[in-house]
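No value in this document is a laboratory result; all are computed from the given coordinates. Since the model is a prediction, treat every value here as computed from it, not as a measurement. Here the Cβ is made from the backbone with ideal geometry for all residues, glycine too, and neighbour counts use every protein chain on show.
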Amino acid sequence: MSTTLTERPAPVAASRDALAPRRRTRVFALAEARWAAAATVAFLLALSLQLTGVPAWAWVPLYAVAYVTGGWEPGWAGLQALREKTLDVDLLMIVAALGAAAIGQVMDGALLIVIFATSGALEALATARTQDSVRGLLDLAPTTATRLRDDGTEETVDTEVLAVGDTVLIRPGERVGADGRVLDGASEVDQATVTGEPLPVAKQAGDEVFAGTLNGTGALRVRVERDASDSVIARIVAMVEEASETKAPTQLFIEKVEQRYSLGMVAATLAVFLVPLAFGAAVTGSLLRAMTFMIVASPCAVVLATMPPLLSAIANAGRHGVLVKSAVVMERLGQVDSVALDKTGTLTEGTPRVTDIRPLPGCGLDEDGLLALAASAEHPSEHPLARAVVDAARERRLDLSAAEDFRSAPGIGVTATVDDVPIAVGAPARLLNGGTDPRSGQAAAVATELEDGGRTAVLVERNGRPVGVLGIADRLRPDAARTVAALTALTGTAPVLVTGDNPRAAARLAAEVGIAGDDVHAGLLPQDKVEAVRRLEARGRRVLVIGDGVNDAPALAAAHTGIAMGRAGSDLALETADAIVVRDELATVPTVVALSRRARALVVQNLVIASVFISGLVVWDLVGHLPLPLGVLGHEGSTVIVGLNGLRLLRDAAWLRAAQTGAAATSGNGA
């Protein structure tokens, strides 16, 4: 079942109710993980005792514990599948494990049990984490709102009962309860959860606001324009759930292969046992041949052919600051051929900083003097732009004066008295009144220049006269341009920029990192980012999305693979993403992509090795007489070979080679 953007997702309240069974899902996932852990511990203890020469009575019961704790869940699932007339590999492995135990190969069977129990537990825990992240997103939307009656009185109601046309009051510091449009009032709204913009956005009459965003210091009267089920936050929930379901590990092709292999192996084992009996062979000999066949044909080597390279790559990436959540993700990373990058918090650091200090001619101030004056006035403010100004002054170790009569006007700026002189700091468009002061024209020209360059212009006035303009922008990560070039070389396609920020800021940053203008998509809401990803996928692309915010979560979930920035990332983005860059080192992304491609190459090598061993041993057992000890030796030998081959990616040298691959690709691409 799928949900398109034109369909209505379940209302937020209903979605909360639907999450009750998911809490039980997490309980079951934790229980499954405990069973797998118990099986692993029992297996390791038994193996240790067996290798030290302890009598069998001491370690056989431990193997039995591993069989029971690790095998009951896949065994029960396999029996349920049989009721539906399907046969899966899980049940086949349980049968193979029991068959191995029946002819004395208890350790082989226990190893199979542990491998499959562990993989099932990891999948269940990953599913539970995704469901928890969706529940955390729902908490962003307030449960109640202040609705205004026709007579102007107030009433507190549940947000789920708000209807289109209702008027709600949003007080300072409250979260907006519904998507709507401002009727009157002025404030600044932090809507990073929806659009990803790093700075609060000034809102006044006629502007749109979104449920779940945080109101600033002003009060707003908002007319509701969407039901709770149609709000942006509810759509994010629906899209994350939908995309998470489409990324289930089991795919139709794998299911078909699994069915054919399972049925073929069962039929072959029965034939190996029954055909000799039909020609008068002894029951014991036929059973021994059949059990030998089941052991040598079991896919232990195939399983280890895939997992060690991927798990080794995961461990190596983790040591270097990239957490890849599963072997499936590590494999998928090497398949990407297109990249979509968020702007704020991904290509940039997500924190506004002063980039330009422009004192006006004739004002009598140098850069330090202008910055100190602005920082003194802004010091009492908690606005992000004010913090950027104050931080810049502190970095220069400037002395700040005390601010008196401080006032803040949302969307305009602040006023204060500094050293007995009135100072105003704020938006040039609001402070400049087009008077006769020649500095007003100069200030407007400087502000326009800064804004055209993608910065936020902040005007500083003294005694009502402009004295300078500050430029503030989100600082680009130092490795952003290099990462874009490396990803372009690795995938053969230039990355696209998908951001909720304004087009001018997006275009400026794209030019700095080497992204072409046609690949810049700005002013996007979460559903717009999903649509941009789907357009790329419709052209046959396997898209890697890199983001950090709640607004990026649907795109992270919808993409072929998603990577979140660890320090700047929201909880939902971290849970939804397939991998996390822990230290926000963007340059590790192309390295982990190159490492994934190396792991996939080793998987192919191992599959060839495993196939050759299994085929050779099976043919030997069917055509000639394969002694059981030699069959076990060949089977376990192939397992050891492919395991050791995959473990090569554990070394730091593998990470360095992957990093060099990205650098070499960049050089070869002319970047």
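Observations, loosely collected:
- Cβ-defined net charge surrounding Ser187, 13 Å radius [Lys, Arg +1; Asp, Glu -1]: -1
- Note on Ala409 and Arg319: their simple-model spin labels are 6.0 nm apart, each label 7 Å out from Cα toward Cβ.
- Under the criterion of Cα pairs below 8 Å and six or more residues apart, the relative contact order for region 144-230 equals 37 percent.
- Semi-axes of the equivalent ellipsoid for region 501-593, computed as √(5λ) from the eigenvalues of its C-alpha gyration tensor and ordered from largest down, come to 19, 16, 14 Å.
- Approximate shape of region 441-484 as ellipsoid semi-axes (Cα gyration tensor, √5λ), whole Å, largest first: 29, 11, 5
- Protection proxy ranking, highest mean first, for peptides 222-230, 510-518, 173-181: 173-181, 222-230, 510-518, where packing is the per-residue count of other beta-carbon atoms within 10 Å, averaged.
- Remark: region 351-476 is approximated by an ellipsoid whose semi-axes, taken from the C-alpha gyration tensor as √(5λ), come to 19, 18, 14 Å, largest first.
- Alpha carbon convex hull of region 457-523, volume per residue in cubic angstrom: 94 Å³
- Charge tally for Asn316 (other residues, Cβ to Cβ under 11 Å; Lys, Arg +1; Asp, Glu -1): +4.
- For the listed peptides 282-288, 50-56, 373-379, 149-155, a ranking on the average number of other beta carbons within 10 Å per residue, highest first, reads 373-379, 282-288, 50-56, 149-155.
- Applying D = kT/(6 pi eta Rh) to region 141-189, where Rh is the Kirkwood radius over alpha-carbon pairs, T corresponds to 20 °C and eta to 1.002 mPa s, the Stokes-Einstein value obtained is 189 µm²/s.
- Net charge contributed by nearby residues that have their C-beta within less than 11 Å of Glu208 (K/R +1, D/E -1): +1
- What the Cα convex hull of region 144-230 gives, in volume per residue, is 81 Å³.
- Virtual spin-label span in nm between Ala282 and Glu512, 7 Å along Cα→Cβ: 8.2 nm
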